[in-house]
Each structure stands twice: as C-alpha cells, then as structure tokens.
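Have a look at the structure below, then the notes.
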Amino acid sequence: MSDNAKKYRIETKCIQEGYKPNNSDPRVLPIYQSTTYKYDSAEHLGELFDLKAPGDMYSRISNPTLSAVASKIASLEGGVGAMLTSSGQAASLISVFNITSAGQNIVSLSSIYGGTTNLFAVTMKRMGIETRFVTPDMTDEEVEAQIDENTRLIFGETIANPALTVLDIERYAALAHKHNIPLVVDNTFATPVLCRPIEFGADIVIHSTTKYMDGHASTVGGVIVDSGNFDWEAAGKFPELTEPDASYHGVVYTKSFGKAAYINKACCQLMRDLGTTPSPMSAFILNLGLESLALRIERHSENALKVAKYLSGHKKVVWVSYPKLEGDSQYALAEKYLPLGASGVISFGIKGGRDAAMKFMNSLRLAAIVVHVADARTSVLHPASTTHRQLTDEQLVAAGIGPELVRFSVGIENAEDIIDDIEQALAQI
Ligand SMILES: *Cc1c(COP(=O)(O)O)cnc(C)c1O
C-alpha cells in the first residue's frame, strides 16, 4: 500500500487499490492465465524456493492477477496482507488450520453460517481439532471457562448468517487477547465498507467473496486478511510461526515476514499443500464486483431498512429481524459496529406458519427463490422447507428457525418495486 493510498477513503480504495499499471501497461487488471513463470537464472529460482527473493513461482501459490485483488482487499480491511481462496469455506478452514493442529481446540460463536458449523463440528473434528461453541448471551466468565492452554483462537461473524446477530468485536477481541490468542472474524455480510473488524481489535478477517464482494452471484471465492497486529512471538505459543518450518529449509515466518508472518505462512505453506486456489478469471470477476461494492452495499442497506420498516407494520407479519431496525435486539450493537447500514439480509415471520410462508414465496414475482443470499437481485429462501427441511417443527423452533421464518435478501432494485412485490404476495395469503 502506498502512503497516498492510506489517505484514500473506502469508496476510492474500492476502485483504485490493487492493480497499479506502469507507463503504457493495460489500464484494466490483466488476467494472467499462466500456471508458470520464466527466470533469467537457475539461482534466482532457487532463491524463490527458499522464500529469499520475491516473485511468482507457480500459480497454485501465487499469481499476479490474484495478488492484485488480494492487495486491494487487504487495503479495504486495513490489513498488511491477504490471500484469495477458491471459496469462503476454504478461507474458514485455512484461517483456523494455519495455527491449529490435531489435539488443540478453538472457541467459536454458535451463531455462524451453517457451512462453517459443519466444517468446525464435523470435518475439523475428524482432523483432531475440537470446537467449543459459545452463545452470544454467555458472560465473559462462561466464555473464558471454554479457553484452556490448547485453545488457539476465537471465531465469530460480524453479522451472523442467518441469525443476524451482531458480533461485539471489541468484547471478544479483549477476551482473546487476555489469553494471548487471536480473534478471527468472518466479515462476509458487513463487507469492509460497513465494518472493518481490525479497527475494533480483530486480528484475522475472512470473507466468502461469493456474497457481496462479488455481488452478482457469479463466482464462488474467499479471502483471508492478516491485520499484522497480533504479536505471535510475545504470545509465546505459536511455534508454527516462530520456529523453523522443515518444509521450507527452516524458514521462520516471524523472522522472514515480520508483521505479515501469518498470511505468508497460509500462502507459502497451506496453499502450497492444500491447493484451494481460485483461477485468475475468478479473481478478475471478483475485482469487477469490488469496484462497485461501496455503491451497492449502501443501496442494499437502504433498501433493506425500507423493507424491514414496511414489514414491521404489516398485520400478516409476526416479527421482523434486521439489526438497523429500531427496537431490534441487535440495534445497539449495530449502531456501534455498523453505523452506515447492516447489508441487505433480513428475516421475518409470517402469520400462519409453514403453509403461509410457502404461499407467500410462491406468490412473489420479482423476488426469486434461490439458495444464495447477498447479491444484486432480490431473493428469498424458506429454511424450514429447504436447508433445514429434515427437522421437525419442534426442532426448527429450538434451532431458532421457526416454520414461519422467511429469509429475504434485499437487492439493489428500486425499493418501491420490492415492497410492491411483497405487498401483492402477502395479499394472496
Ligand atoms: C456463504 C458463506 C460462507 C461460505 O462461503 P462459500 O463461498 O459458499 O464457500 C462462509 N461464511 C459466511 C458468513 C457465508 O455467508
């Protein structure tokens, strides 16, 4: 990041950061569709293999198109470095696995994306990593009771998908730092335009770029951002970063990369070994999305608040959940962490339960029934009959996903058109 760039505001960074063309270079980020790179000498390549010289070696590990987009996202979040991954799931896995081994554990908020819950509770368990889930209403003492000498990090989502709870980032950062471990925050729904978790003490930030960053539901992807703020040496419990890596001729990441040790290890070691790298074309498409992110997320948030207000006054709607809606249980946290808006995702309950919810969805004309959320088009999902259909009505209520719950992802169309559509669909129940 240049000194100039530090002064730019987020809207400018969305456009200008990342790719910096030199004299008579292409104006637009080129797609370097090349797996490999050419060198003038064998010695230079040898130095690359020992991580002693900068440069690209092989596109599983790094590629100029990917690097440009990663550096834009690092700048947006205020981090020292970032790495793109092939999906949000890969970002979650690597963010944890980078500093956690078999026999160790992590503490995670329970209100997180279902796919992350599966990864943590089932797949990482098979890798010997235990996840201790904590709920947002637990006291500090109750959370700390879950942390022991083998705990490696605390994990949470800025705006939880689909619970829409807002993470008290400062509180969990303080808890993590008291125990010399980092806080990892999934900032997918908020995006760095609405919230930059690093400014509140988060150490690592991840995203499913599949959602608002891409913004058009066209490309699955993820990213990990390193704040550079966590002192791995002082913490004294992260030998994978502070002691020699046998797979790189004894490189010590904190010595070779300083503040960017975590992200360089993730890239040089785990991306090398796991290979969850996106294609240059995917990174190019993501970059197009990033250019309009600030505009889009502002409109998503504006439209969602209008829709939430409309719904909360409707007699066929039992409840509405949107963090920026006055009276919402998350309102105070949203005012602090999301002053500009809370993205486009809202949920609400329809009078008449499952049948009424299905009738409502089938009656929508503009809003489409999809599994995805968080893109330009308004869409709707009924968890009870889709993602959670194997549960009984009693189990659904226990999981906080009643049969009446509709998840609505408000797009960037005209808000009046979205509300008209909802109105005519509610009228048909
Ligand atoms: C979608 C999502 C993920 C998973 O990302 P993919 O790109 O689908 O792998 C992770 N976290 C959150 C909050 C999400 O919404």
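Couple of notes before you dig in:
Residue-wise test of (1) modelled with pLDDT of 95 or more; (2) assigned by TED's automatic domain parsing to the domain that holds residue 418; (3) within 16 Å of the ligand (Cβ to nearest atom).
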| residue | (1), (2), (3) |
| --- | --- |
| 302 | yes, yes, no |
| 315 | yes, yes, no |
| 334 | yes, yes, no |
| 340 | yes, yes, no |
| 344 | yes, yes, yes |
| 354 | no, yes, no |
| 383 | no, yes, yes |
| 397 | no, yes, no |
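- Verdict on residue 60 being of a type outside the set (Asp, Glu) and in contact with a helix residue (DSSP H, G or I) (Cβ under 7 Å, 6 or more places away or on another chain): yes
- Sole residue being among the hydroxyl-bearing types (Ser, Thr, Tyr) and over 28 Å from residue 371 (Cα atoms), chosen from 95, 111, 101: 101
- A single entry from 75, 108 fulfils the requirement of being under 19 Å from the mean Cα position of the chain (by Cα), more than 16 Å from the ligand (Cβ to nearest atom), outside any loop (DSSP other than H, G, I, E, B) and not assigned by TED's automatic domain parsing to the domain that holds residue 371: 75.
- Among the residues here, residue 158 does not qualify as surrounded by fewer than 21 Cβ atoms within 10 Å (Cβ to Cβ), closer than 21 Å to residue 323 by Cα and either touching a residue at least 40 places away in the same chain (Cβ under 8 Å) or not aliphatic (A, V, I, L, M) (or both).
- Of all residues in region 179-229, those that are under 12 Å from the mean Cα position of the chain (by Cα) and among the hydroxyl-bearing types (Ser, Thr, Tyr) total 6.
- Considered as a group, the residues in region 370-429 that are touching a strand residue (DSSP E or B) at 6+ places or on another chain (Cβ under 9 Å) and among the basic types (Lys, Arg) include one that is farthest from residue 302 (Cα to Cα), and that residue is 407.
- Elements of type helices (runs of 4 or more DSSP H) in region 139-253, at least 3 residues being away from the ligand (no atom under 16 Å from the Cβ): 140-144, 169-178, 232-235, 239-242
The values are calculated or read from the model by the stated rules, or taken from the named source; none is laboratory data. Just so it is clear, the structure is predicted and the values come from calculations on it, not from any experiment. Heads up, the Cβs are rebuilt from the backbone with ideal geometry, glycines too, and the neighbour counts pull from every protein chain shown.
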